[in-house]
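Q: Structure in structure tokens, see below.
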Amino acid sequence: MLKGKTIVIGVSGGIAVYKICEVVSRLRKLNANVKVIMTKSAVEFVAPLTFQTLSNNEVYTEMFNKISDWNTEHISLAKEADIFLIAPATANIIGKIANGIADDMLTTTVMATKSPVIIAPAMNTNMYTNPIVQNNIEKLKQLGYIFIEPEEGILACGDKGVGRLAPPSDIVETLINNLVFKKDLKNKKILITAGPTMEEIDPVRYITNHSTGKMGYAVARASIARGADVTLISGTVTLEKPKGLKKYIQIQTALEMYDAVMKELDNNDIVIKTAAVADYRPIKKEEDKIKKKQDNLVLSLTKNHDILKAVGEKKGSKILVGFAAETTDILNNAKEKLKKKNLDFIVLNDLKKEGAGFGSDTNIVSIINKKGDITHYEKMDKINLANIILDMVKFKSSSLDDIN
Ligand code: CTP
């Protein structure tokens, strides 16, 4: 996947250095060419030989390279980099970069590079939240440096709080997103809904559906990878949250999803509604558990808002994509939904086909546009389908830009 890409990793000193060994190893398995620069203090934590062995490349340290070497080396490394990662990034290294200090191999190379720079901070929580560090981070963000936020947890010093290096999987995902995908949705603001809603019957039971959120999360991942600002409104799912979201809103019921969508609508240009929303909810949630006294039990339900329809009514020039899950008369039902809900596209799932719909990693769909043109697709991974939907949205959006 990363064949032909050179990733330069600047490792600064902190207990999290050992986690970068795994990052290097994962990147090598993806066939990237990895070059590691270590600061003087990084070498105190992990021996350069470890990185040399894992990367299969020479490691740059001040210990092994004379100052006269790095004067030229840093320029060629800086040029070679398709992307630059600094991880773990200490308060010191962030401060140096933010203030134009270049006094060692790592800082001179970062200063000389034209490649995107990704910074993954790791430090004590009081240091991380210190306004001086935060100002430096803000300054770098304004200049286009990309940050992978540290996590909250118990830190090596025993303190609890934000400051723990992001997991290696997140770091690798961010590198892939920035290396592999074209940023053709930069500046687009996309609102995505995903997963099922849950409508409570009593304190123990609820009504829901088979949605796992996989389609919506794939659309969110693909949108982030292509540079969009993504807000994800999600029902209860077991999936890992995509990295790099602008906003994540967790909801449970259709009413909560309705409120969240309506609140976020004006901040977005594109709305993609993959969520499987319950059409009905119990008229009232019983305060106590319903006991099994009767042979037959009738539950009274009332209609939920049709969120997509409500968005369609006030969408203006926003692009609106809906999904349709059908089992009978599928094309006509989908066309009707497209019209009734004022959509630009509807993605139609035939739930009776194997490999389509809920739970699977693949989908089999047809996409219908406003004019009624239908494109049928073979079975494909949800992430590929996500990119096809985004291609259509992008095409529509650029033609709208031309008109405006
Ligand atoms: N949808 C919604 N709010 C609802 C129901 C559905 O926003 N209360 C959205 C879904 O997110 C999806 C689209 O509408 O994008 C179609 O959902 P689907 O369940 O196929 O259709 P319904 O409109 O609910 O119609 P029906 O159940 O009669 O097929």
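The values are calculated or read from the model by the stated rules, or taken from the named source; none is laboratory data. In this text the structure is predicted, and so the values were computed from the model without any measurement. Neighbour counts are summed over all protein chains in view; Cβ atoms, including those assigned to glycine, are modelled from backbone coordinates with ideal geometry. With ligands, DNA and RNA removed, areas are computed over all heavy atoms of the protein, side chains included. Shrake-Rupley method; radii C 1.70, N 1.55, O 1.52, S 1.80 Å.
Condition check ((1) in contact (Cβ under 8 Å) with a residue 40 or more places away in the chain; (2) open to solvent by less than 20 Å² (accessible area, probe 1.4 Å)) across all residues:
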| site | (1), (2) |
| --- | --- |
| ARG205 | yes, no |
| TYR217 | no, yes |
| ALA225 | yes, yes |
| VAL230 | yes, yes |
| GLY235 | yes, yes |
| PRO242 | no, yes |
| ILE249 | no, no |
| ALA254 | yes, yes |
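Q: Restricting attention to the stretch 258-304, report how many residues are over 20 Å from the mean Cα position of the chain (by Cα), within 12 Å of the ligand (Cβ to nearest atom) and either closer than 30 Å to PHE395 by Cβ or modelled with pLDDT under 95 (or both).
A: Residues in the stretch 258-304 being over 20 Å from the mean Cα position of the chain (by Cα), within 12 Å of the ligand (Cβ to nearest atom) and either closer than 30 Å to PHE395 by Cβ or modelled with pLDDT under 95 (or both): 4 in total.
Q: Which condition breaks for ILE190 when tested against (1) under 21 Å from the mean Cα position of the chain (by Cα); (2) closer than 17 Å to GLY13 by Cα?
A: Answer for ILE190: the failing condition is (2).
Q: Could you please give the count of residues in the stretch 119-131 that are open to solvent by 20 Å² or more (accessible area, probe 1.4 Å) and under 17 Å from LEU143 (Cα atoms)?
A: Qualifying residue count, the stretch 119-131: 0.
Q: Restricting the search to the stretch 361-400, which residues are open to solvent by 30 Å² or more (accessible area, probe 1.4 Å), within 15 Å of LEU320 (Cβ to Cβ) and touching a helix residue (DSSP H, G or I) at 6+ places or on another chain (Cβ under 9 Å)?
A: The answer is ASN369, LYS370.
Q: If you don't mind, another one. Does PHE323 qualify as being open to solvent by 50 Å² or more (accessible area, probe 1.4 Å), in contact (Cβ under 8 Å) with a residue 60 or more places away in the chain and within 16 Å of the ligand (Cβ to nearest atom)?
A: When the stated conditions are applied, PHE323 does not pass them.
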